[in-house]
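As structure tokens, the structure follows; a few thoughts come after it.
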Amino acid sequence: MHQLIGGERRMGRSITEITVVEPATGEVLAEVDTASLADIDDAVAAANQAEADLERLSFFERAELLHAAAGCIDERSGPLAKQLARESGKPLAAEAVDELAESAEIFRLAAEEIKRLETHVLPSVDPRKRVFTHRKPNGVYALVTPWNFPMNIPAELLAAALAAGNPAVIKPSQNAPLSALALAEAVAEAGFPPGAVSVVMGRGEVGEALVSHPGVHGVGFVGSQATAEAIVSAAGMKRTIIEASGNGPQIVFDDADLSAAADAAVFGAHFVSGQCCVATERLLVHDSIHDELVALVMERAAGVKPGDPLEDTTLMGPLNNETVAARMDAHVADAQAQGAQVLLGGAREADRPTGLFYELTVIDDVIPTMDVFREETFGPVVPITEFDSDDEAFALANDSDLGLQASVFTSSLARAYRAVDELRTGTVLVNEGTAFWEQHPPFGGASRTGTGWGRIGGKYTILDMTDLRTAIIDTGHRG
């Protein structure tokens with residue numbers, strides 16, 4: 001029974017199932033029944049029925065329920081972290097435990113943000129009138145979420161939706177659906193109206209049917225660029241928050257702290273095994289410090305080995321699925337065919353229970369025609385490209401249509417400000433790696449790149465999930 005509809009677990013009525021496999025062992029974790037069109041109708045109907053009850057709650061009442069939801073997540077964090085590690089392949093101690101704690105904190109953040117959601121009082125030309133703005137919920141949200149953060153990303157979207165007064169139906173990735181279901185159950189236990197959160201399981205066709213459903217009013221999606229385009233097409237004119245692929249450059253200038261830059265580059269390659277939209281996808285290095293930085297990167301990368309996600313010492317687990325592993329194989333092969341040098345790794349590890357354990361890979365002499373430069377590899381790789389001037393560095397960094405986050409290492413304030421002005425990414429980090437983010441700042445792609453609309457993070461998601469209204473009242477007298 002893997003559907004959560006109207007506050008109750010039930011079997012999906014589709015004839016198909018999803019087999020959830022543990023990446024590290026190949027063991028089957030669950031056979032998940034999937035949703036039929038009738039199940040989707042029921043989930044959306046339950047959400048619409050809950051909409052009025054949820055909207056009637058005051059901001060402070062919603063905040064109280066969000067805090068209660070955080071407590072429910074905390075209470076079951078131990079077993080949920082282990083489940084997350086097993087279905088995603090993330091290291092339990094290094095990543096999964098933190099993801100559970102952060103997911104609970106996201107609900108606490110939403111609770112506090114909704115209590116401080118300010119609007120404006122505006123002057124009127126007519127002195128008898130008073131003008132003010134207020135915010136109303138957008139309606140029922142379809143949330144389509146990925147496998148690389150199977151608890152955290154549903155939490156980011158769901159907490160904001162509920163804070164804003166919007167019921168939500170989640171369609172998690174078929175590669176790691178169990179965590180999102182557990183999250184939704186914990187939230188439902190906190191006391192939200194039945195139907196305020198539902199989960200329907202399935203593959204892409206279930207997500208498309210949910211997003212295009214006439215009873216859905218808004219869409220939240222995090223995933224690949226290709227899927228984002230399909231989601232936007234299916235959503236039509238619905239209010240949409242999209243956060244899609246990244247190809248984040250980390251630029252290291254000749255005046256940089258090279259030790260810090262090497263730390264950031266390697267962390268960004270092994271965090272979530274590189275399966276992260278803000279991974280170290282491109283390391284752009286000034287030619288005068290190339291050899292020194294490469295030596296530091298190699299020293300740090302050599303100490304990161306793929307391991308059993310449930311072992312406390314593991315820093316990098318297996319890749320989640322064969323599609324990602326095959327893309328790593330293809331990108332490494334393409335780079336070598338065009339003359340790049342694989343300095344470390346470059347292959348799957350032998351003698352493992354599955355073929356998903358990929359070596360941390362460092363590739364030098366990468367040029368812009370290579371797939372590992374142009375596309376999002378989404379694996380544990382550090383592709384290194386040299387530049388000889390600031391102009392070339394910024395041109396290389398902007399030579400991508402996936403502008404999510406960019407990183408610059410420099411001791412020059414002028415270069416830092418130029419980076420902020422010129423890099424076409426939603427976020428620019430200075431003296432910090434591309435894999436850094438926090439929950440409260442706005443996070444998303446630059447508008448010119450097509451990587452997204454709206455923002456995820458703190459009050460910004462709540463703002464995108466509410467409708468700004470204006471009230472004009474004639475008081476009948478001059479103030």
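Read-outs: derived from the displayed coordinates by stated rules, not from any lab. The structure displayed is predicted, hence computed values, not measured ones. Cβ coordinates were reconstructed from backbone atoms using ideal geometry, including for glycine residues, and neighbour counts include every protein chain displayed.
State the extension gain, in nm to one decimal, for the chain segment bounded by E185 and A295, taking 0.36 nm per residue of separation less the distance between their alpha-carbons.
Using 0.36 nm per residue and subtracting the Cα-Cα distance, I get 34.8 nm.
About the Cα centre of region 249-430, how large is the charge dipole given +1 on each Lys and Arg Cβ and -1 on each Asp and Glu Cβ? Please answer in debye to the nearest 20.
480
When the label point is put 7 Å from the Cα of R10 along its Cα-to-beta-carbon vector, which residues of region 19-56 have a backbone N closer than 16 Å?
Answer for region 19-56: 33-50.
Would you mind computing, in nm to one decimal, how far apart the modelled labels at H440 and H67 are, each placed 7 Å from Cα along Cα→Cβ?
Here the answer is 1.7 nm between the modelled labels.
If I take every Cα pair under 8 Å that is 6 or more residues apart in the chain, average their sequence separation and divide by the length, what percent do I get for the relative contact order?
It comes to 19 percent, rounded to a whole number.
Give the angle, between 0 and 90 degrees and rounded to the nearest 10, that separates the Cα long axis of helix 59-75 from the longest principal axis of the Cα atoms of the chain.
50
Below 8 Å, C-alpha to C-alpha, sequence gap of six or more: please give me the relative contact order for region 258-298 in percent.
Computed over region 258-298, the figure is 55 percent.
Give me the Å³ per residue figure for the convex hull around the C-alpha atoms of region 249-430.
In region 249-430, the Cα hull volume divided by residue count equals 108 Å³.
Taking amide H positions as placed 1.01 Å from N in the peptide plane, with prolines and chain starts having none, which residues 5 or more places from V169, or on another chain, fall under 5 Å of its amide H?
For V169, the qualifying residues are Y141, A142, L143, S198.
Between V131 and S411, what is the FRET efficiency for a Förster distance of 60 Å, r being their Cβ-Cβ separation, to the nearest 0.05?
0.75
If a paramagnetic tag sat 7 Å from the Cα of E31 along the Cα-Cβ line, which residues of region 188-202 would have the backbone N under 19 Å from that point?
Under 19 Å, as judged by backbone N against the label point of E31, lie 201-202 of region 188-202.
Please give the net charge around M11, taking every other residue with its beta carbon less than 14 angstrom from that of M11, where Lys and Arg add +1 and Asp and Glu add -1.
-3
Do you know the Lys pair count in the chain for C-alpha distances under 18 Å, with sequence separation 8 or more or different chains?
So the count works out to 7.
So if we plug the beta-carbon distance of I473 and D399 into 1/(1 + (r/R0)^6) with R0 = 60 Å, what FRET efficiency do we get, rounded to 0.05?
In this case the efficiency is close to 0.65.
How long are the three semi-axes of the equivalent ellipsoid of the chain, in whole Å, if each is the root of 5 times an eigenvalue of the C-alpha gyration tensor, listed from largest down?
Largest first, the chain gives 39, 29, 18 Å.
Starting from the amide H of V382, placed 1.01 Å from N in the peptide plane, find each other amide H under 5 Å away whose residue is 5 or more places distant or on another chain.
T361, V362, I363
Could you give the length gained by full extension between Q336 and D263, i.e. 0.36 nm per residue of separation minus their alpha carbon distance, to one decimal place?
Result for the pair: 23.8 nm of gain on full extension.
Would you grab the residues whose amide H sits under 5 Å from the one on F387? Only those 5+ places off in sequence or on another chain, please, with H modelled 1.01 Å from N.
Under 5 Å from the amide H of F387: V285, H286, D287.
Between 0 and 90 degrees, rounded to the nearest ten: what's the tilt of helix 413-422 against the longest Cα principal axis of the chain?
Between the helix axis and the principal axis of the chain, the angle is about 60 degrees.
Does anything in region 121-159 have its amide N under 18 Å from the 7 Å Cα→Cβ label point of R76, and if so which residues?
From region 121-159, the list is 150-156, 158-159.
Of the beta bridges DSSP finds with both residues in the chain, what % are antiparallel, to the nearest 5?
The antiparallel proportion sits near 45 percent.
Where does helix 37-56 land angle-wise versus the long Cα axis of the chain, in degrees 0 to 90, nearest 10?
Computed tilt is about 60 degrees.
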